[in-house]
Amino acid sequence: MNERERRTNFGQQIRLAMDAKGFSQSELARRMRAIGWAGYSQMTVSRILNYERSVPVEEWDDLARVLDISGVEISTDERLELQHLRGLVRSLEESLAHPILHRYRSTPTSHR
């Protein structure tokens, strides 16, 4: 499935869920803002529904939760890629928290 097909499929699922709940675009945007998606607007929802905006993986679960639908299906390859990226981020965070790195970061640089 290519990017355009993914956006179309996702937009259709969102539209059906909104219709079932009786949500307007503005109402969906308001509910997304209420759970922490600052700046989520009616235009954001419109762009998703019109297949003009892809939806980051992090946003998918929250949209599904707000609409009370099961999570949007993503391919196995996308899930593996997401798991890999999350692992890399965790490793980076752990590396940055290492005590030796703290010593170097907190030592002021002298300019003579």
Quick calc: nm separation of the 7 Å Cα→Cβ label points for Arg53 and Ser91 -> 3.3 nm
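Name the GluC sites (Glu not before Pro) in region 19-60 that are in a loop by DSSP and that have at most 11 other C-beta atoms within 10 Å, would you?
Details: sites: Glu27, Glu52, Glu58, Glu59; in loops: Glu52.
Loop-located and lightly packed - Glu52.
Put Trp37, Trp60 in order of accessible area, largest first, 1.4 Å probe: what do you get? Mind showing how you got there, number by number?
Numbers: Trp37 65, Trp60 35 Å².
The residues order as Trp37, Trp60, largest area first.
The values are calculated or read from the model by the stated rules, or taken from the named source; none is laboratory data. Values in this document were obtained by computation on a predicted structure and should not be read as measured data. Quick reminder, even Gly has a Cβ in these numbers, built from the backbone with ideal geometry, and neighbours come from all protein chains shown. Please note that ligands, DNA and RNA were not included when accessible areas were found on the heavy atoms of the full protein model with its side chains. Shrake-Rupley method; radii C 1.70, N 1.55, O 1.52, S 1.80 Å.
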